[in-house]
1. Are any of the residues in region 69-80 among the hydrophobic types (A, V, I, L, M, F, W, C) and touching a His at 6+ places or on another chain (Cβ under 8 Å)?
2. In this structure, does GLY221 turn out to be within 28 Å of the chain's Cα centre (by Cα) and either crowded, with 22+ Cβ neighbours inside 10 Å or more than 30 Å from GLY148 (Cβ to Cβ) (or both)?
3. Using the structure shown, decide if THR674 is of a type in the set (Val, Ile, Thr) and surrounded by fewer than 21 Cβ atoms within 10 Å (Cβ to Cβ).
4. Return a yes/no flag: does region 688-705 have any residue that is open to solvent by 50 Å² or more (accessible area, probe 1.4 Å), of a type in the set (Ser, Thr, Tyr) and within 36 Å of the chain's Cα centre (by Cα).
5. Could you please give the count of residues in region 109-128 that are at pLDDT 95 or above and assigned to a helix (DSSP H, G or I)?
6. Which count do you get for residues in region 428-454 that are farther than 30 Å from ILE501 by Cα and of a type in the set (D, E, K, R)?
7. Does TYR628 satisfy the condition of being touching a His at 6+ places or on another chain (Cβ under 9 Å) and closer than 19 Å to ILE743 by Cα?
8. Tell me, which strands (runs of 3 or more DSSP E) wholly within region 790-869 include 1 or more residues that are open to solvent by 40 Å² or more (accessible area, probe 1.4 Å), modelled with pLDDT of 75 or more and charged (D, E, K, R)?
Amino acid sequence: MRLLVLLASAMLAAPALAQTPGSCTPGTAERFLDASNVQASLFTNGNLFFGGSTTSGDGYLVPKISGNSPLFAAGIWLSGTVNGEIRVAAARYGGYDFWPGPLNDDGTLPNPADCSAYDRIWVVNAFDLEAVDKGESPARDLAEWPVGLGAPTVDADGEPVAITSREQVIDLAAGERPELLGSQMAFWVMNDAGNDHNPGTPLGVEVQATAFVTVEDALPGAQDATFYRFRIVNRSPNTIENARWSFFTDPDLGDAGDDYVGTDTLRNMAFVYNDSNEDAAYGSPPPAVGYDILNHELVATSTFLGGGPSGTNDPGTPEEYYFYMQGLWGNGTPYYELNYGFEQTGAPTTTFMFPGDPPTQSFWSEVNVDGNGTDNPQGDRRLVATASFGDLAPGEAETVDLAIVFAFGSDNLDSITQIRAVSDGVQAAYDAGELFQRGPAPRRLAAPVLRSPDDGADLVQADTVRFAWDAVAGAEAYEIRWGPQPDDLTTGHRLVADTSIVLQPGGLTPTPGTRSVYWAVNALASGALGLRSTPRSLRAYQGGLLSLSDGSYAFVEVSGPDGTDPCAETAQSRDGCDEVAGNLVYDSFNSTGDYYLSEQGTGSQSVIGQYAPNDFEIRFTDTGSLGYWRFQEHGVLRVPFEIWDIGTVTPGEANDPADDVQLIPVFFADNGGTCAFDPAEIDPAPIEGYVASDRVYAYYPTTSYADFEAQFDPLVIAAPDQCYIDGASSAEANAYTTGTRPIQRQVFGSSSDAPMLPATGTVIRIYTTDPPPVSEEASPQAGDLRLGAPYPNPTASSLTIPYTLARSGPVELTMVDVLGRRVLERTTLRQLEGSHTATLDARALAPGVYVIRLRAGDETRTARITVVR
């Protein structure tokens, strides 16, 4: 009945004033809090710990030098109704609902087409302030502290500084200082009107975010915690009714598959703990982590079952987000006490999931789901903790203060007891006005002296190189960072236990082509900040993959059986013949139409691009080569092809075999059958009327392919059906590979009427790129045609495509399938220069991989997307 009443109210209410979204691209700024015992990443898209280059569970580390994470992803959610219409802004992985920067007082954007001027996070610490007080030059973020955006600032008398303009920055000379919280603090601003929502209509809110850590050791657990202040301002002309704020998390407490969640209503805290006393990442005992709302009552907690009944899965519509934030299931039905809390008509209802006490097993928790001590099945949980604001009128603001607390106990359940003790101490300090205050300065560790590689080294990215530096007194670990400029080392980072690390330099390059990449190292220790070394540069050639004039990738076949010309006039496909001396094979037919080469899955281009400028050949020969099913731990057998790294070859020219390296084929069977390389393994294949083979990967050998064959050929010959199967066969074969694979997820396709592999004598040459240029290529200019990453990707419905035009003119946007057929297109006769977005409706498309092509003038840009159902 609750849903019917809500909808009826919506029909009777007066229409709400429209909140017009802009066309901003998602924020890309990324900074870290790392002065305490935690390393926590921050983003300008509404997410925490996941949302930029951090995508693999390394966005929130505690202890920071352990490399272990209790949190995979988190983000803020906001919801409410405007004259009965549900509106939601929710950050959850991708498809962000927040964009960088403020809103005007009337709810409009400063620049509706571009929010990038505010795509920044400012970070200051107590050491910076002490240095300025001593007359030293200020750090950049301190000198440019954004008073006009709401960054907390006080004057020489300790009074708040009045804001006179949005562009106002701190006046250090006049005695103004950031109102520092803790020992290290970050500040940034977001809004929910920067672009179209996924899903729904913007609320029209501005979020001023502050986060901090402290090295204070008098408050137990404080160095293992992070603290956040979110000031939410309603900039829209509408009252937001029943406004709510939620903290969403995908916890992954160490190992993702053994989490439990709970609610402590007395402490306004949701928490995560391990299902047993052993975690695959943290070991024994495992910790617990809590999300403690300090200044509001916790009114609801929700968790998603994932794979459970309809209405219990991850939210996708505004209504589903809204219901979870009300303490309801995603379909609007209530939570019931005990068991799974779902569809137990007649049982008491609640707005809290698992509010019992796991250490004593009292009431309803995941270690006592039925009141009889029965454990819930372990799993990968999601958790949402919600506070309520009531109605938020235009111009009104609400603030939420949050602590993420962490502790180890003597076992998994005692860890809950310990985070409660930390929570009590944190809450007491907060209530006394002692928590959100300036903390002691972190210790300073000296900057490491870099040893290798030399500054300006010129390296091929397929190489492996040892990056090394001198030890620093007091360091417990080190962090290597890299990026496109000496002052922009944000492309990636790695924690290092020793004073060196072996990396592939090409993996550090931020953009395709020959680019300089800069790297630096700083020391790490609990309660300390390490000064960063002077950055060094290196040139790592990351190929911009060879492409045709229409922007499609030119992975090229150069010969068929008996020297068949792939570019003959009778060839079924001559794509690329006039440009790169061979016809396009990747995701297309070869010259005879007997088969095609494609991928099952995604990521082939990005992987092979890491080995540019080296090229590769797949050769179908009389003897073939040995390969094995690495991923399914079965079978070594002989297949009719060989795979080679052939070095750098100019398109159309003969290969010099002197630098060829034979690779070891590896297979994956999508439908079983790991003792035969099946040309009809995938049925149907990505192209209608075709089937496809087992997936093909290729790894570099540890020593040589010949050593691999010498070991396994006698075993294969002696085995039944010439397929060697042993319990350890895959593990034995793995010892002969480096774990590095330039070829992945390739399949050979053929007609479903006559499944077959390419004939003996066929050679497929896969070019990565033209030979590297002699000198450094210029970086793209600010005005070049740019195609942003389409989102959401994968998509099941609509697709948003951001792009920037260097000059006004016609724009053609198309989507093509794997056969090069246009399936969607949009032509605009004239668009002004600057940033734009376009939306394409993909609901009618079959699942699969497609290419977006943007053409403006004589320039073309491409991006790949996946459609799912």
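The values are calculated or read from the model by the stated rules, or taken from the named source; none is laboratory data. Fair warning: this is a prediction, and the values are worked out from it, not measured in the lab. Note that we place each Cβ from the backbone using ideal geometry, even for glycine, and neighbour counts take in every protein chain shown. Side chains are part of the model used for accessible areas, which takes the heavy atoms of the whole protein and leaves out ligands, DNA and RNA. Shrake-Rupley method; radii C 1.70, N 1.55, O 1.52, S 1.80 Å.
1. no
2. Details: within 28 Å of the chain's Cα centre (by Cα): no; either crowded, with 22+ Cβ neighbours inside 10 Å or more than 30 Å from GLY148 (Cβ to Cβ) (or both): yes.
In short, no.
3. Criteria not met by THR674.
4. Yes, region 688-705 contains a residue that is open to solvent by 50 Å² or more (accessible area, probe 1.4 Å), of a type in the set (Ser, Thr, Tyr) and within 36 Å of the chain's Cα centre (by Cα).
5. Qualifying residue count, region 109-128: 1.
6. 3
7. Values: touching a His at 6+ places or on another chain (Cβ under 9 Å): yes; closer than 19 Å to ILE743 by Cα: yes.
Considered against the rule, which asks whether it is touching a His at 6+ places or on another chain (Cβ under 9 Å) and closer than 19 Å to ILE743 by Cα, TYR628 comes out as yes.
8. Where strands (runs of 3 or more DSSP E) fall fully within region 790-869 and carry at least 1 residues being open to solvent by 40 Å² or more (accessible area, probe 1.4 Å), modelled with pLDDT of 75 or more and charged (D, E, K, R), they are 809-816, 834-841, 848-856, 859-867.
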